[in-house]
Structures are given as C-alpha cells and as structure tokens.
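*Asks:* To start, I am sharing the structure in question, which I have written as structure tokens.
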Amino acid sequence: MSRVFLIILCFFALSAQRDPILVPEVSQHEVQVRQGFTGTELILFGAILDPSGQRAGRKYDIVVILKGPSEPIRLREKERIGPIWMNAESTAFRSAPSFFAVASSSARIADIVDERTAAIYELGLDYIQLSPSGTIDPEEQARFTAGLVDLRERQGLYKESMEGVRISEQVLYQARISLPSNVQTGTYTAETFAITRGRVIASAIAEVEVKKVGFERFVELFSQQQEFWYGLLAVSLSIFMGWVAGRLFALI
C-alpha cells in the first residue's frame, strides 16, 4: 500500500509542476579537427515545453552558454621601463575556461536578471567565475580577470552575442556560435537557461566533443604517451632543419 501511495503522490507532484522543460540540441555533437581546420559554426537550438507537453504560454528569455574545457593559466602584466617592456606582476588561475561564448535573446543581461543571478549562472563575460591560486587582492583579481577576458576576446576564444538567440512563438529557440581554428580539444558544454521575471526557471545541458583526427591526432597522442621520444624527435628535427638551412645558404 505504501508503494502505491508513493506512486500516486509522485504523479500528483509532477502534474502540479508549473515550470517548463527545456529540450536542447546541438547541430554537431562531434567536431573533428584536421589539418587545415579553419573553424566551424555550431547551431544550438531546442524547444521549451510545459509539463503537459503543450506550448509554453508565458514570455521568457533564453541565454545560451558554450564553455570549453577549463585549464590552469598564469597571466603576466607588462610594464614599460624606459624604452623596454618587461614582465611585472603576475597571477595564476587554477581554472579558466579555454572557450566561453554567450548568446542571449535580450539586448542586455541586466535587463532580464540582477547581478547576483548573473554571477551565479555566469551569464556573460563580466560574470565568468575564475579560481585564483593563493590569496589575491580583489582589485588586482578584477584587473587580471579583465585582462584575461580582453586577451581571449582578441583571440576569438571569448565572445558575447546579445540578441544572438532567436525565439519563435515562445517555443523554439536557435543560436549560432562560431568555433575558431585555435580551439582546444576536449568536451564542451552547451548550457541553455530559460528566464522569466528575473528568475531562471529551467536549464539544460548538451555536450560537444572537439577532437583531433588523422595525423594531428597521432601527434597529440604521441606527445602525451611518449614524452621523452617526442621531445627527442622534436629537438633532432630542429637540428636537422637548421643544418639543411645552413647548407642551402652556403650554396647560394
């Protein structure tokens, strides 16, 4: 009897649920990096449904975040001493996303959520959560964080596209995000958030695998599994190419 009662209770709980459900999808779940790879474009799309499977009746905003594998990084600040630029202060982050792209159906994140909510869900480049190594002054951390974001924006690895999400009849959504040729391999997460009245009412995650194939894959595995021989081969190849270049210049 208790099991039957529990099933009935769960049924009524699900029936009473009012928050919609996100159904996300990605145009490519696997991106293959070959020789001459110039980048690609991913389409992140999906639908938002209420628990009954019908059309969501309320107005909502969609924010999509595509995030690459995290990696440790050390930043060094340049300082000009006379005519020479030299390394000055530096800091290290234990975890920084190698790629971070945000697309929103709104012109400004501030128009749909407050700063606290934006920081919790990392809804924008201004709200990326980095993990500094050791103790660091908040102002200094903010300066280095802004420097990292600016650097990777110029490299095409961090980007924002406000009004980059298209919503059709409050049901279907679509966003286009470009991956540049210098992306890091690994598992990428595409997270979608449905927001209404300043509250995140639903979220869902899809994954994209970026991996090298062919000769590039062989070189990557060889460098990871045979570090000594890879290093020896790289040094030997450099010496050989230097010798060949010297011989060619001697003949000219």
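*Asks:* What does the convex hull of the Cα atoms come to per residue for the range 58-132, in Å³? Display every interim value, and only then the final one.
*Replies:* On the way: hull volume 10.1 nm³, N = 75.
So the per-residue hull volume is 134 Å³.
*Asks:* Label Leu172 and Leu75 with points 7 Å out from Cα along Cα→Cβ: what is the distance between them in nm?
*Replies:* The answer from the label model is 4.1 nm.
*Asks:* On to the next question. Have a look at Ala103, Ile136, Tyr121 and report the one farthest towards the positive end of the charge dipole of the range 103-145, computed about the Cα centre with Cβ charges (Lys/Arg +1, Asp/Glu -1).
*Replies:* Ala103
*Asks:* How far is it, in nm, from the label point at Ile136 to the one at Glu209 when both lie 7 Å from their Cα along the line to the Cβ?
*Replies:* 3.3
*Asks:* In nm, to one decimal, how far is the modelled label at Ser161 from the one at Glu25, with both set 7 Å along Cα→Cβ?
*Replies:* The modelled label-to-label distance comes out at 1.8 nm.
*Asks:* A follow-up question, please. Hey, which lysines would be in cross-link range of Lys211, C-alpha to C-alpha under 22 Å, not counting anything within fewer than 8 residues on its own chain?
*Replies:* Those lysines meeting the cut-off are Lys67, Lys159.
None of the figures in this text is laboratory data; all of them are computed from the coordinates on show. As the structure is a prediction and not an experimental result, all values here were calculated from the model. Neighbour counts are summed over all protein chains in view; Cβ atoms, including those assigned to glycine, are modelled from backbone coordinates with ideal geometry.
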